[in-house]
Amino acid sequence: MKKDEFKKLYNQEVLKRNKKPYNFDADEEADVVIEAYNPLCGDKFNLYLNKEDSDIKSAHFHGFGCALSKASTSLLMELIEGRNKTEKVEKCHTYLEAEDSGSSKRLQNEVQKVFAEMKNFEGRVDCVTLSWKALYDKMKNDED
Amino acid sequence: MKNIKDRFPIFKSHPDLIYLDNAATTQRVDKVDDLLDEFNRKDNATIHRGVYELSAKATARYEQVRSKVAGFLGSDNPNTIAFTKGTTESINVVAHSFIKKRLRAGDNIVVTVMEHHANFVPWQALCKEMGCELRVASLTPEGSIDTLAFERLVDKKTKMVAITHISNVLGTINPIEQLIETAHAQGAPVLVDAAQGAALYDLDVTKLNYDFLAFSAHKLFGPFGVGILYVNPEYMGDMQPYTLGGGIIQSVSANEVTFQSYPFNLDAGTPNVSGVLGLGAAIDFLNELNRAECISHTHELANRCVVELARVKGIRILGGTQMQRSGIVSFALENIHPHDVSSYLNGDGIAVRAGLHCAQPLHYFMKEPSTIRISFSIYNADNEIDILIDSIKSLKKFWEQ
């Protein structure tokens, strides 16, 4: 990756969320705790979700990871608060699909579109999908 | 180290590459590339099978490398050397083909917390399977083995001591002579993981008196996929086959099988003939070098790198200034994850390693979730440190904007 590509990847949306991540604290009392872990690089976040009926009342996270995984998890927390389970599954699915295909057409959130562009940076897609995949897998497993 | 870089073709393809990931793999020297190319084009045949000229020639050359490796380690017995896929396989062979049948519940195996997973996990798994205790020697805050604590761990129930010569993260050069003496005083055999040191350091078995030693060719300017295991003649008779199949058989009937003796009982299947010959060429290259001068060169680079890094605000260097350091320096940068650092340095043509370097127990011990590793070799130069430091400073500026 050349320097200009690096600066494109580590754009303002990433740097801003890396520096001041949304709800970045360990909520030990949370109803659900989901671990997002990549054993290849050691990035590990715990996602702490509090429910009210089927809605997510609050979403916090804490742990250690690169700027991309941290910013992407921060965005996930912002987007799922107040959502119900079906909406969450749909949101994760659309995002993961966008990362997979490289097409951000179905994404409605502009910041999410910025993250979906990271598909084009070799070797870093796992960073931006880490927590999304963990949440999606957990929800899918709960359904089964 | 003048002109040494010219011997490495990779730098012709990438003239601006600053390659600082030599602890992961070294670049391949021209002599090895030339030999592999020539073998593949003109001499390709497998060994110990055919009586035709090509096969006979390949067999003779393959066996010559065995002698060459033995000589490289100061042994006059070529049959002390077995060829494997690499350091990891060599260690697994010792765990399963030698020590397993000697273990009884209540015995113990001693390792250190600075081991690479390759010299940690096989012992840990074996201990769990056999009801034995894995004893893990601790380090001083400096990053050296706590030799007094190590002495207390080794006792009459210790059936194996497995230690690294050089830490692949801290760069610590361990006092293996002293540790081997401690182990032998209790009757325990010693395996030395020489992956990081075999290229440049003198590992003469007549001086160090180890029982098992393992290294990989690709860390000494040779090819991937081949390594060696040295076994002390005292234990050669105890070495059992590791993988079963053709090439290791004495005789086989419908009901019975007998095997050849070590080292030929480890050659099941068709061996990596070209890889072994490539290893031989790499050792020829090492024998051309003034290795003491090479060691001074890499130590000087690492020491200067430590000094320069320490001047950058927010950098934590693993290991102290008092420990004996090889050409490896690992560090963490406050508020910037190692992968982000590595990606940025890549933009300036600098290749470094980021992560846990297959040494999670050490990272837990040092309370670092992840680090950046710089590892120097003979073709690195002083000005590369300047470029590295400038790049780190420029990253900090970009990050703090």
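Derivation of every value follows stated rules applied to the coordinates shown; laboratory data play no part. Keep in mind it's a predicted model, so treat the numbers as computed, not measured. Note: ideal-geometry Cβ built from the backbone for every residue, glycine included; neighbour counts use all protein chains shown.
Distances between placed amide hydrogens fall under 5 Å for B:Gly222 paired with no residue 5 or more residues away or on another chain.
With R₀ set to 25 Å, the beta-carbon distance separating B:Arg41 from B:Leu17 gives a calculated FRET efficiency near 0.35. Taking every Cα-Cα distance in region B:223-310 and sorting them into 10 Å bins starting at zero, the pair-distance distribution P(r) comes out as 14, 26, 25, 18, 11, 5, 1 percent. Here each label is just a point 7 Å from Cα along the line to Cβ, and for B:Val312 and B:Thr258 those points are 6.3 nm apart.
Looking at region B:238-296, the GluC sites (Glu not before Pro) that sit in a DSSP loop and have at most 16 other Cβ atoms within 10 Å of their own Cβ are B:Glu256.
In the structure displayed, which of A:Lys85/A:Lys138; A:Lys70/B:Lys313; A:Lys113/A:Lys133; B:Lys101/B:Lys157; A:Lys3/B:Lys12 lie more than 19 Å apart, Cα to Cα?
On the way: A:Lys85/A:Lys138 11 Å; A:Lys70/B:Lys313 23 Å; A:Lys113/A:Lys133 17 Å; B:Lys101/B:Lys157 15 Å; A:Lys3/B:Lys12 22 Å.
Violating the 19 Å limit, Cα to Cα: A:Lys70/B:Lys313; A:Lys3/B:Lys12.
Compared with the dominant Cα axis of chain A, that is its longest principal axis, helix A:85-101 is turned about 20°.
If you average 1/r across every pair of different Cα atoms in region B:106-202 and take the reciprocal, what Kirkwood value do you get, in Å?
Averaging 1/r across every pair of different Cα atoms and inverting gives 13.4 Å.
Taking Cα centre as origin and charging only the Cβ of basic (Lys, Arg, +1) and acidic (Asp, Glu, -1) residues, the dipole magnitude of region A:3-143 rounds to 620 debye. The distance linking region B:93-153 with region A:1-17 is 44 Å (Cα centroid to Cα centroid, whole angstrom). Placing +1 on the Cβ of every Lys and Arg and -1 on the Cβ of every Asp and Glu, with nothing else charged, gives region B:31-288 a dipole about its Cα centre of roughly 620 debye.
Relative contact order for chain A: 23 percent, from Cα pairs under 8 Å spaced at least 6 residues apart, divided by residue count. What separates the Cα centres of region B:1-21 and region B:219-251 is a distance of 33 Å. Residue order for B:Met239, A:Met1, fewest other beta carbons within 10 angstrom first, comes to A:Met1, B:Met239.
What does DSSP give for chain B in terms of the percent of beta bridges that are antiparallel, rounded to the nearest 5? Intermediate values should be presented prior to the final figure.
Details: 26 of 44 bridges.
Percentage antiparallel, nearest 5: 60.
Within chain A, the longest run free of trypsin sites (Lys or Arg not before Pro) that sit in a DSSP loop with at most 11 other Cβ atoms within 10 Å is A:3-104. Where the alpha-carbon atoms of region A:3-143 are placed on the principal axes, they occupy 46, 29, 26 Å, in descending order. Kindly express, to the nearest 10 degrees and within the range 0 to 90, the angle between helix B:273-288's C-alpha long axis and the longest C-alpha principal axis of chain B. The answer is roughly 60 degrees.
Going by alpha carbons, how many degrees (0 to 90, nearest 10) lie between the helix axis of A:67-80 and the longest principal axis of chain A? In chain A, helix A:67-80 runs at an angle near 40 degrees to the longest axis. Binning all Cα-Cα separations of the protein assembly as shown at 10 Å, short to long from zero, yields these whole-percent fractions: 3, 16, 23, 22, 19, 12, 4, 0.
Inside 10 Å of the C-beta atoms of B:338-345, what's the mean count of C-beta atoms belonging to other chains? Mind dumping the intermediate values first?
Details: counts 3, 11, 11, 1, 1, 12, 5, 1.
The shielding value for this peptide is 6.
Summary value for chain B: 22 percent relative contact order, contacts being C-alpha pairs under 8 angstrom separated by 6+ residues.
How about region B:1-99: which trypsin sites (Lys or Arg not before Pro) there lie in a loop by DSSP and see at most 11 other Cβ atoms within 10 Å? Intermediate results must be reported in sequence, preceding the final value.
Numbers: sites: B:Lys2, B:Lys5, B:Arg7, B:Lys12, B:Arg28, B:Lys31, B:Arg41, B:Lys42, B:Arg49, B:Lys57, B:Arg61, B:Arg66, B:Lys68, B:Lys85; in loops: B:Lys2, B:Arg28, B:Arg49, B:Lys85.
Those that pass, being in a loop and sparsely packed, are B:Lys2.
Candidate cross-link partners of B:Lys219 among the aspartates and glutamates, defined by an alpha-carbon separation under 13 Å and a same-chain spacing of 8 or more, comprise B:Asp21, B:Asp193. With a Förster radius of 35 Å, plug the Cβ-Cβ distance of B:Asp33 and A:Asp126 into 1/(1 + (r/R0)^6) and report the FRET value to the nearest 0.05. Step by step, r from the Cβ atoms, then E = 0.60.
The GNM of chain A, with springs linking C-alpha atoms under 10 angstrom apart, assigns the highest mean-square fluctuation among A:Glu117, A:Glu90, A:Glu35 to A:Glu90. Put a dot 7 Å past the Cα of B:Gln360, heading toward its Cβ, do the same for B:Thr25, and the two dots end up 2.4 nm apart. Rg/Rh for chain B stands at 0.99; both radii use Cα atoms, and Rh follows the Kirkwood definition. Available extension along the chain between B:Tyr52 and B:Asp202 is 50.1 nm, counting 0.36 nm per residue and deducting the alpha carbon span. In plain terms, the chain from B:Gln64 to B:Gln250 could stretch by 64.7 nm, reckoned as 0.36 nm per residue minus the Cα-Cα distance. Cysteine residues of the protein assembly as shown whose Cβ has no partner cysteine Cβ closer than 4.7 Å: A:Cys41, A:Cys66, A:Cys92, A:Cys127, B:Cys294, B:Cys305, B:Cys358. Which of rounded, prolate, oblate describes region A:8-52, given a ≥ b ≥ c as roots of the alpha-carbon gyration tensor eigenvalues and a/c under 1.5 marking rounded, otherwise prolate only if a/b is larger than b/c? Oblate, since a/c reaches 1.5 and b/c is not below a/b.
For the protein assembly as shown, what is the percent of antiparallel DSSP beta bridges, rounded to the nearest 5? Display every interim value, and only then the final one.
Details: 43 of 62 bridges.
Antiparallel bridges: around 70 percent, rounded to the nearest 5.
Taking the Cα centre of the protein assembly as shown as origin and assigning +1 to Lys and Arg Cβ atoms and -1 to Asp and Glu Cβ atoms, the resulting dipole is close to 420 debye.
Counting other C-beta atoms within 10 Å, and keeping those with at most 12, which DSSP coil trypsin sites (Lys or Arg not before Pro) do you find in region B:147-189?
Details: sites: B:Arg152, B:Lys156, B:Lys157, B:Lys159; in loops: B:Lys156, B:Lys157.
In loop regions of region B:147-189 (DSSP not H, G, I, E or B), the sparsely surrounded trypsin sites (Lys or Arg not before Pro) are B:Lys156.
What base-10 log of the normalised intensity I(q)/I(0) is obtained for region B:1-128 from the Debye formula, alpha carbons as equal point scatterers, at q = 0.17, 0.19 Å⁻¹? Debye intensities relative to I(0), on a log10 scale: -1.13, -1.18.
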